[in-house]
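Below is one structure; the comments refer to it alone.
The values are calculated or read from the model by the stated rules, or taken from the named source; none is laboratory data. Remember, it's a predicted structure, so these values are computed and weren't measured experimentally. Ideal geometry is used to build each Cβ from the backbone, glycine not excepted, and the neighbour counts take in all protein chains shown. In case anyone asks, the SASA skips ligands and DNA or RNA and just uses the protein heavy atoms, side chains included. Shrake-Rupley method; radii C 1.70, N 1.55, O 1.52, S 1.80 Å.
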Amino acid sequence: MKFVRIPFVSEAAMPKFDSYVICTSPRSGSTLLCKLLAATGISGNPGSYFHRPSIAEWLAYFELAADASKPEADILATIFRAAIAKGSRDTGMFGLRLQRHSFDFFVQKLAVLHPERSSDLQRIEAAFGRTLFLHLTRLDKVEQAVSLVKAEQTGLWHAAPDGTELERTAPPSAPVYNSDEIRTWYERFAAYDQAWNDWFEMQGIEPFRIAYEALSADPLGSLRKVLSRLGLKCEGASGITPGVGKLADTTNQEWATRFRLEHNIA
């Protein structure tokens, strides 16, 4: 009998997860993190594949034909297969970004896809395998709210480090300070964080936490920490250049200072 020698692979060298979900809210640095993870070539291609709470929007995003004669579960299975293919990019690791505003609809449809499972966590892992949850948050909610309001007013959401525009949703427009709009988003972002934390506790999840402030100050250091937690080689971060630059300027600083004074926020 001929024996075949099987090379030993240490458990430490094996990925600990099949997927990860970036649980976040707008203006928390998620675009930067997604681009960093995609650039490694080993940690999937994370994106907001279920961004809008609408099956019709999901089908359109993945350029899938709608077939009203099929059961909803079959339609959802087709959508999720397309999402996994796009979010993995042949790396063996699936990455997904979930914004809180569309999360409830996402888990409702996940329950239709996997009715045999009794919790959100079980259904997510039925769909995506062993999953790491990353909670990406911005500690300074005033600056987060200012960033959102300014992006909505100017139409510019993301730019490259050299200033090249990456995402614009409206023609350029001069920003105008609006205390009510900033207040609305300040309170909403705090509520989003609380909702995420409540859900983690309810599902028995201890997420890997990342702060925007740390990610912004040391993008590659933060990337290495995520790769390590996923069980991937930290060397995957070598040679990567952050593809997103900061948009904050003196206007952001002036608005934040003014808002803190008006509302007595430290």
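Scanning region 1-26 for residues that are out of contact with any strand residue (DSSP E or B) (no Cβ under 9 Å at 6 or more places or on another chain) and either at pLDDT 95 or above or in a loop (DSSP other than H, G, I, E, B) (or both) gives Met1, Lys2, Phe3, Val4, Arg5, Ile6, Pro7, Phe8, Val9, Ser10, Met14, Pro15.
State all residues of region 208-266 that are within 21 Å of Pro161 (Cβ to Cβ), free of Cβ contacts under 8 Å to residues at least 40 places away in the same chain and of a type in the set (A, V, I, L, M, F, W, C); if no residue qualifies, say none.
First, pick out the residues of region 208-266 that are within 21 Å of Pro161 (Cβ to Cβ): 210-224, 226, 236-253.
From what's left, free of Cβ contacts under 8 Å to residues at least 40 places away in the same chain: 214, 217-218, 221, 224, 238-239, 246, 249-250, 253.
Residues satisfying the conditions are Ala214, Ala217.
When region 170-209 is filtered for residues that are open to solvent by 90 Å² or more (accessible area, probe 1.4 Å) and either touching a Lys or Arg at 6+ places or on another chain (Cβ under 6 Å) or more than 30 Å from Ser19 (Cα to Cα) (or both), the ones remaining, listed by number, are Pro171, Pro172, Val176, Asp180, Glu187. Being surrounded by fewer than 16 Cβ atoms within 10 Å (Cβ to Cβ), more than 20 Å from the chain's Cα centre (by Cα) and hydrophobic (A, V, I, L, M, F, W, C) holds for only one residue in Ala217, Ala266, and it is Ala266.
Of these, His114, His51, His135, His101, which one is open to solvent by 40 Å² or more (accessible area, probe 1.4 Å) and in contact with a helix residue (DSSP H, G or I) (Cβ under 7 Å, 6 or more places away or on another chain)?
Values: His114 fails: open to solvent by 40 Å² or more (accessible area, probe 1.4 Å); His135 fails: open to solvent by 40 Å² or more (accessible area, probe 1.4 Å); His101 fails: in contact with a helix residue (DSSP H, G or I) (Cβ under 7 Å, 6 or more places away or on another chain).
Being open to solvent by 40 Å² or more (accessible area, probe 1.4 Å) and in contact with a helix residue (DSSP H, G or I) (Cβ under 7 Å, 6 or more places away or on another chain) holds for just one of His114, His51, His135, His101, which is His51.
Checked against the criteria, Leu166 does not count as under 23 Å from the mean Cα position of the chain (by Cα), within 29 Å of Val226 (Cα to Cα) and assigned to a helix (DSSP H, G or I).
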